[in-house]
Structures are given as C-alpha cells and as structure tokens.
Number of protein chains: 2
Amino acid sequence: MARRSDHSREEIKEMALNAAQEILDREGAKKLSARRVASEIGYTVGTLYLVFKNQLEMVLHINALTLDEMNEWLAERSASCDSPRDCLVNLAEAYIDYAIKKQERWNLLFDTVAEGEERLPDWYEERLGRLFGQVEQVLAPLKSGHDEIEVQRAARVLWASVHGICTLKLRHRLVLAGGQSTEEMAQMLIDNFLAGFGQ
Amino acid sequence: MARRSDHSREEIKEMALNAAQEILDREGAKKLSARRVASEIGYTVGTLYLVFKNQLEMVLHINALTLDEMNEWLAERSASCDSPRDCLVNLAEAYIDYAIKKQERWNLLFDTVAEGEERLPDWYEERLGRLFGQVEQVLAPLKSGHDEIEVQRAARVLWASVHGICTLKLRHRLVLAGGQSTEEMAQMLIDNFLAGFGQ
DNA sequence: ACCTGAACACCGTTCAAGT
DNA sequence: ACCTGAACACCGTTCAAGT
C-alpha cells in the first residue's frame, strides 16, 4: 500500500492516467471507474479526488492523451501523398483505422459530453484545432487567394463528415448499404466534396 | 403499490417505456436507471427484468420510439420543397432541429453500442432503413437510369456526413470554425456533395 | 403464476479522523 | 500535510421466498 509522500501529486496524476488507459484498452469504458483506477495504482478512491476534481475531469485528461496519439498517428500515416485528393483519402483512412484499432479510446473521446453545455477546456480545444489543422493544410492549396476562413470551414465540414461515416459504421447504424466499406464511403464523400470545393 | 395481475406484461412494458422517456427528457440519460423506472411505475426492479432481458434491451426499445418520432418529424418538416437541393437542406435542418430539441433522446440513440459488435435487432434496422429511405427518395431523380445501389450508397454517405456535423457541433468539437452554424455547415456539405453526384 | 425484496457486487463523491 | 476509509446515496442483475 502506497504511503503519503511516496509520490507527488503530478506523479499520482500520471500513474492514474496510465492505469486508466490500460483499463480502457483491456476491459472497456464500462470498467473504467475511479475506484478501479485508484486500486490499480495502490491508492484509495479519496486520493483520486485530490488530483482530479471529479470523474469527468479525469476523462477529459484521458481524452487529451487520445487526441495527442491520434494527431501523431494521422501525421505519420498521411505524410506521403501526391494530390490533395490522395492526402485526404489517406487522412480519412488513417482516421478510420485509428477508430477501429482504439475503439474504446475513440468512443470515450467523442461520447463525453461536458456538463451543461460548458465549453471544453482550452488544452482540449487546442488539440481539436490541431486535428482540423491537418485537413486545412491539404485543402489550402485548392482555394485561390488566401481565404483562410473558407478553408477552415471546409476542413471542419469535411472532417465532421468523415467522422460521421466512421462513427455510424462502427456502431452498426449503416445497414443495407450495398456492402460498402467505410473507406469506400469516405472516398465517395471526398470525391464529391472536392468536385464542389475550390472551383 | 401495484399488485400482481394489475397489468399485463405488455402494459408494464408500455408503462416502463413511457416513464423512461419522461425521465430521459426531464432529467437526462444519467438519471435513467432500471430502479428509477420501476419505482416510477409502481413496481419493483425485479419486475422490469420479467419484461426486458436487461437494461440494454430497454434502451433499444426507447431508441426505436425515438427513431419513429424522428422519422415522422423529418417527413412532416421536409414535405414541401422545390429542388432536390432544397429537399436535402430541409431534411438536414429538420434533423439538426430534432437533435437540439430532443438532445437526450438523440444522444441515447447514437451512443448506445450493442454488446460485442452484435448486429442490432431487425426492428431497429428497419427503422434506420426508413430514415435513409427519405434521403434516397430525394437523391433518386438525380441519378439517371435506375442505379438503386448507387443512390442507397450516396444517401448513406451524405446522411452520415450530416450526422457527423450535427453530433460534433452539439458536443462542442467544432471550435474555431469562423462562427459557422450547423445549418450553414450542412448546406456547404450538400452543395459540394451534389456538385459531384449525378453528373 | 406473478411479483417482491433482499442479496451481491459494484458505482461517484465527500470528509472526519488518523499517522 | 497527506491520505485513508467509512459513510451516503446510488447502480444492474438475480433468485429464493411469499401471496
């Protein structure tokens, strides 16, 4: 049993987040509880509340780590591509791949709803911005002039769309679609979207 | 306190689903529990398990009612429109409206993940099919010949996309988008998508 | 036959009390 | 000062026992 001063607050926080991610990956979101995390790191439940305001805050920190991991994953996997169209398809496929491979983290990332429609913390929004930034970089050359706002908007619309395809497919809400794979759907979206964008 | 034979199994089921919807609308998904529903209809928890296999099954039944309500809402609100483009915009706006007005039902509808990637029940998939059917009807005239499969696919891709915009916006994942509303995003999607579809 | 209610194994959150 | 652990108010699910 851990004793006082064995670890700093920061250390406890890190241990807790690591334990949480393992529980999530191995046993799913349902098994992720404050009590479980605490016992996994050798502390009492009470201790977790010295380090996180409540469960939601702990989940938001897990989600920040997920966003970091996903941003890196996307950057790596979409590095080499010739045309904007190919870059977008690569990004979409990397996104879908990540969602499949890390389903539990991905679900937690998007299911978590902030209490009473508060805004999300800054460090959370900043990471979301980086995700959209990767799409913006691909779309920017297609828009003549430097209409940044329009590129930002298109990136969000397109990425929200890829996200919708991904989430509905993973949750079996896209029945009877003629056996189309998630990747084919994303390609169809991207091709049609690009036909209208930047002309 | 209700006594035995006061109500048939079907009646208990109906009472439970009504109570569940009220709890959901008034207090949110967090407050929705088997114990709470049971006490609301004057029965004991155990009784609910005579009528539903478990909590997931109860939620699936609630979701079926939500899908019925949403299908009706969409049919009514998108009845009058001149061009396919307008019809799609109407449908999208009706969809977004429903999601905002009945957020708790809408969240429960899409967050619920079937245990161990089972397929959803037939009566559930049938209702999802009707939802996509409304989009197919609008897209069909745009595709020459009778390429039904292609229309089905496009309807699913487009609707999943609208769904993605809707869910990310409601959950505050679309920060820094130049103040674009959900409706404007849906329009941008539809206009760009149609530019590539059916040409 | 129908339903209860107690039991089991869990939750999140708080806070007086111990070291 | 730091952490505990017991308390409070809940969960889902099961099933022997009562009417």
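Taken together, the values in this text are just the output of simple stated rules run on the coordinates, not laboratory data. What you see is a predicted model; the values in this text were computed from it and never measured. Every residue, glycine as well, gets a Cβ built from its backbone with ideal geometry; the counts of neighbours run over all protein chains shown.
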| note | Being within 11 Å of B:VAL89 (Cα to Cα), more than 7 Å from every other protein chain (Cβ to nearest Cβ) and not in a loop (DSSP other than H, G, I, E, B) narrows B:GLU183, B:GLU150 down to just B:GLU183
| query | Would it be correct to say that A:HIS163 is touching a residue at least 40 places away in the same chain (Cβ under 8 Å) and either within 9 Å of chain B (Cβ to nearest Cβ) or farther than 15 Å from A:ASP86 by Cβ (or both)? | reply | yes
| task | Scan the stretch B:50-60 and give yes if some residue there is more than 24 Å from A:LYS30 (Cβ to Cβ), within 11 Å of DNA strand C (Cβ to nearest atom) and out of contact with any Leu (no Cβ under 8 Å at 6 or more places or on another chain), otherwise no. | result | yes
| note | Restricted to the stretch A:114-145 and to residues being outside any helix (DSSP H, G or I) and more than 10 Å from chain B (Cβ to nearest Cβ), the residue nearest to B:LYS169 (Cα to Cα) is A:PRO121
| field | Restricting the stretch B:145-199 to residues that are within 19 Å of A:ASP191 (Cβ to Cβ) and surrounded by fewer than 16 Cβ atoms within 10 Å (Cβ to Cβ), the residue that is farthest from the chain's Cα centre (by Cα) | value | B:GLN199
| said: Just to verify a result, which residue in the stretch B:18-67, among those that are within 14 Å of chain A (Cβ to nearest Cβ) and either within 8 Å of DNA strand D (Cβ to nearest atom) or acidic (Asp, Glu) (or both), is farthest from B:PRO121 (Cα to Cα)? | reply: B:GLU27
| Which one of these is more than 14 Å from DNA strand C (Cβ to nearest atom) and within 14 Å of another protein chain (Cβ to nearest Cβ): A:ALA75, A:ALA92? | A:ALA92
